[in-house]
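Engineer: Let me give you the structure first, and then I'll get to my questions.
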Amino acid sequence: ASIESDRIVHACVRDEADAMSQQLESAGYKRQDDVLDTWFSSALWPHSTLGWPDKTPELDYFYPTSTLITSRDIITLWVARMVLMGLNNVGKIPFKEVYIHPKILDGYGETMSKSKGNGVDPIDVIDKFGPDALRFGLTWLATETQDVRMPVQFECPHCEAPINQTKQNRELHTIECPKCKKQFSTQWAKSAEDKALPKGAVISERFEVARNFCNKLWNASRFVMMNLTGYKPVKLDVKSLPLEDRWILSRLATTTKNVTEAIDKYQHADAARMIYDFAWDEFCSYYVEMAKPRLQDAASRPATQQVLIHTLDQLLRLLHPMTPFITEAIWQELARFGDVRTLAGDAESQKWLIRSAWPEANTAHIDEVIEQQFARFVTALGALREIRSRQNLPPKEEITFTISCDAATQMLLEPMVPFFKALAGATCTRLGEKLALPEMSAQVSVDGMEVSVDLGKFIDIPAEIARNEKLQANLVKQIAGKESKLSNSTFVDRAPAEVVAKERESLEELRQQLVNVTQALERLKASNA
């Protein structure tokens, strides 16, 4: 095929070795030096950057690589071409695995772009929330190939008020802040007049959770290091440690194992969530609080310090790929307390966290019974906090409560009773099956447990009556729905036996909750008469 342009004739030959090529060159045609388009040239990237076509040490060492990370919309344009080019030019595929990450869309499900003005500038996020919040927030969203939505906000440069981005205001080059009534430019202002105004950052509130997490980690690390005065490494017999120590070590081992497996499978969002739950809830909210009184006791202080510094050391290693700056800063401070920080008693040879070894899960520390105990304890603790919030009971106000539960749950919870006092300011007076409720109480039914707080001196009787009446009506409605479903012969005959059994079990639980609520209403109304 030939094309005439500006009196110059161009010819395209299908095969370079074809006789036509020689005829064209004899006729005066000159071979073009550079005829590679964008995707064709980028397909050469895995080996051309390493010195190909020469046989260089870099090419021998780095080709093929292990993993390519990309979005799914260029699999054909780029990924497939790199594979074919690698096979043709080097004789090997350029990578063994391809990780296809999700695409981040705006709040309306549209692709982010500069021309639309609906994208998030990473520099704005860093300025507002910090680089670690940006990294952790994106990791949190990396849910394999499922696209994710990220609502976008403008931030007024005058008063820092957040302004939700809409399809209407993102097309404007200037926006008036509804709070301070001053104008500012959007991220992609085009006119000179717009550029004369201060520019409003484009951010997303999704990163606020990540920033709060980084703050939590920093504050918990400061607490640990404030209580490491006089720390000396000690050898611990894990089996003889107190219950809370064995629990946090078990959870650390389980979390390390699960996070490592998730990262190996490129399940980055799952890894981020598991680390978040362990660091925020289990380590910061529970274990650190339980450790406080033991740090004041000279006899228990050394072992508590050892468990604290070991857990923090391992947690920093787990978090480092996601939040490298804050973890490295904490690591440098933690080094002031010595090179021996883990239970293994090995000296850390690396000054920098980025060069330190990835933690290995010590499966010998995993104790499923203790983890079940704490899981039930946390559930009951959540019920107590819900009642406090609902009844507007101050956190410092001492309360008493009972838990009605089966024998298996009672056995798990009995060793946990002292921790209710430390973490919830609550004293458990009774624990067992079918307990009589206090004269005036508030109840929460959760996971087969009936948590009841004695509200004799706190309760707002009319408000509690209204709440229980609403709950009673809701339970009656749910029971009617379950009974109707189970009375339907089509469902009972065709559904799997385990599904039908589960529905019947759920119906019995609802009926028991209705009995409890009805009895509570009767007591409340009698007290209010």
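The values are calculated or read from the model by the stated rules, or taken from the named source; none is laboratory data. Worth saying up front: this structure is predicted, and the values here are computed from it rather than measured. Cβ sites come from the backbone with ideal geometry, for glycine too, and all protein chains shown count toward neighbours. Note: areas computed on protein heavy atoms with side chains; ligands, DNA, RNA excluded. Shrake-Rupley method; radii C 1.70, N 1.55, O 1.52, S 1.80 Å.
Engineer: Can you name every residue in region 329-351 that is open to solvent by 10 Å² or more (accessible area, probe 1.4 Å), under 15 Å from Met225 (Cβ atoms) and either in contact with a Cys (Cβ under 8 Å, 6 or more places away or on another chain) or not aliphatic (A, V, I, L, M) (or both)?
Structural biologist: Gln332, Glu333, Arg336, Phe337, Gly338
Engineer: Please list, ordered by first then second residue, the pairs with beta carbon atoms under 7 Å, 6 or more apart or interchain, first in region 363-386 and basic (Lys, Arg), second surrounded by 17 or more Cβ atoms within 10 Å (Cβ to Cβ).
Structural biologist: Matching pairs, first to second residue: Arg376/Thr409; Arg376/Leu412; Arg376/Leu413; Arg385/Ala424.
Engineer: Please determine whether any residue of region 48-66 is under 37 Å from the mean Cα position of the chain (by Cα) and part of a strand (DSSP E or B).
Structural biologist: Yes, region 48-66 has at least one match.
Engineer: Just to be sure, is Trp39 more than 27 Å from Lys265 (Cα to Cα), open to solvent by 80 Å² or more (accessible area, probe 1.4 Å) and hydrophobic (A, V, I, L, M, F, W, C)?
Structural biologist: It is true that Trp39 is more than 27 Å from Lys265 (Cα to Cα), open to solvent by 80 Å² or more (accessible area, probe 1.4 Å) and hydrophobic (A, V, I, L, M, F, W, C).
Engineer: On the basis of being at pLDDT below 90, farther than 30 Å from Tyr266 by Cα and open to solvent by 90 Å² or more (accessible area, probe 1.4 Å), does Glu176 make the cut?
Structural biologist: Working: at pLDDT below 90: yes; farther than 30 Å from Tyr266 by Cα: yes; open to solvent by 90 Å² or more (accessible area, probe 1.4 Å): yes.
When the stated conditions are applied, Glu176 passes them.
Engineer: Moving to a separate point now. State yes or no: is Ser445 at pLDDT 90 or above, surrounded by 13 or more Cβ atoms within 10 Å (Cβ to Cβ) and in contact with a strand residue (DSSP E or B) (Cβ under 9 Å, 6 or more places away or on another chain)?
Structural biologist: Taking the combined requirement at face value, the residue does not satisfy it.
Engineer: I'd like the full set of residues that are out of contact with any helix residue (DSSP H, G or I) (no Cβ under 9 Å at 6 or more places or on another chain) and either open to solvent by less than 20 Å² (accessible area, probe 1.4 Å) or charged (D, E, K, R) (or both), limited to region 147-159. Even if it seems obvious, please write down each step before you answer.
Structural biologist: To start, the set of residues in region 147-159 that are out of contact with any helix residue (DSSP H, G or I) (no Cβ under 9 Å at 6 or more places or on another chain) comprises 147, 149, 153, 156-159.
Within region 147-159, Asp147, Arg149, Cys156 qualify.
Engineer: Hey, can you tell me all the residues within region 271-281 that are out of contact with any Phe, Trp or Tyr (no Cβ under 7 Å at 6 or more places or on another chain), open to solvent by less than 70 Å² (accessible area, probe 1.4 Å) and modelled with pLDDT of 95 or more?
Structural biologist: Answer for region 271-281, where residues must be out of contact with any Phe, Trp or Tyr (no Cβ under 7 Å at 6 or more places or on another chain), open to solvent by less than 70 Å² (accessible area, probe 1.4 Å) and modelled with pLDDT of 95 or more: Ala271, Met274, Ile275, Phe278, Ala279.
Engineer: I would also like to ask the following. Just give me the residues in region 233-267 being of a type in the set (S, T, N, Q) and under 13 Å from Phe283 (Cα atoms), in sequence order.
Structural biologist: Ser250, Thr255
Engineer: Residue pairs, Cβ under 8 Å, 6 or more apart or interchain, first in region 111-126 and touching a residue at least 40 places away in the same chain (Cβ under 8 Å) and among the small types (Gly, Ala, Ser), second open to solvent by less than 20 Å² (accessible area, probe 1.4 Å) and not in a loop (DSSP other than H, G, I, E, B). List them.
Structural biologist: Gly117/Val202; Gly119/Asp106; Gly119/Val202
Engineer: From Ala422, Ala442, grab the single residue that is in a strand (DSSP E or B) and not hydroxyl-bearing (Ser, Thr, Tyr).
Structural biologist: The unique qualifying residue is Ala442.
Engineer: Let me ask something additional. Select, from Leu318, Leu343, the only residue that is assigned to a loop (DSSP other than H, G, I, E, B) and in contact (Cβ under 8 Å) with a residue 12 or more places away in the chain.
Structural biologist: Every option except Leu343 fails the conditions.
Engineer: Moving on. If you scan region 388-417, which residues turn out to be open to solvent by less than 40 Å² (accessible area, probe 1.4 Å) and either more than 12 Å from Glu450 (Cα to Cα) or at pLDDT below 90 (or both)?
Structural biologist: Result: Arg388, Gln391, Leu393, Ile399, Leu412, Leu413, Met416.
Engineer: Which of the residues belonging to region 193-247 are within 30 Å of Glu155 (Cα to Cα) and of a type in the set (Phe, Trp, Tyr)?
Structural biologist: Phe207, Phe213, Trp218
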